Each structure stands twice: as C-alpha cells, then as structure tokens.
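A.B. asks: I have a structure I would like to understand better, so I am pasting it below and will then ask my questions one at a time.
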Amino acid sequence: MIQPGIAANETKMNSEIDRIKDRLRQLEEEIAETMRRLPAHSVKPPVMMDLLELEDERDQLLQKLGECQ
C-alpha cells in the first residue's frame, strides 16, 4: 500500500514532468520558427540570440527532465 505522502509526491512529480514536457514542445515550435527566420546569408544577431536563448532553455529542461525520471 502506498502511503499518502508518497502518493502526493508522485502526483507532484508527474505534474512537474508534464509541465516540462509541455514547455519542451512549445520550445521546439519556437526554435523551428526562429530557424525559419534565419536568412541563408547575413544572419542577424538578434535572431541568433533568440535561437541561442531558446536552445539553452530547452537544454536546461531536458536536463531537469532527466533528473526527474
């Protein structure tokens, strides 16, 4: 039998995992959109900064997700 405190922690952890997965899906869409905005030549620094920030956040969430599972 699972103790109530343990069940609550598992529910909280599953909720956190779902939240991370949702944000990862959103980030992947944003990364794809940002990459479509990149010109073939003369990449604009603000667009590149946007892409790097999105990829950094994605990497952090992937690391956190790995720790949760």
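A.B. asks: Run the accessible area of the chain with a 1.4 Å probe and give the carbon-and-sulfur part as a rounded percent.
C.D. replies: Reported share for carbon and sulfur atoms: 55 percent.
A.B. asks: Solvent-accessible area per residue for the stretch 8-69 at a 1.4 Å probe radius, Å²?
C.D. replies: Heavy-atom accessible area per residue stands at 76 Å².
A.B. asks: Under 18 Å between alpha carbons, and skipping anything fewer than 8 positions from Lys64 in its own chain: which lysines qualify?
C.D. replies: Straight-distance partners of Lys64: Lys12, Lys21.
A.B. asks: With the radius of gyration and the Kirkwood radius both derived from the Cα set of the chain, what is their ratio Rg to Rh?
C.D. replies: 1.23
A.B. asks: Once label points are set 7 Å from the Cα along Cα→Cβ at both Glu10 and Leu38, what is their separation, rounded to one decimal in nm?
C.D. replies: Going from the Glu10 label point to the Leu38 one covers 4.3 nm.
The values are calculated or read from the model by the stated rules, or taken from the named source; none is laboratory data. Only a predicted model underlies this, so the values are computations on that prediction, with no experimental measurement involved. Neighbour counts run over all protein chains shown; Cβ positions are idealised from the backbone, glycine included. Note: accessible area is taken over every heavy atom of the protein model, side chains too, but ligands, DNA and RNA are not part of it. Shrake-Rupley method; radii C 1.70, N 1.55, O 1.52, S 1.80 Å.
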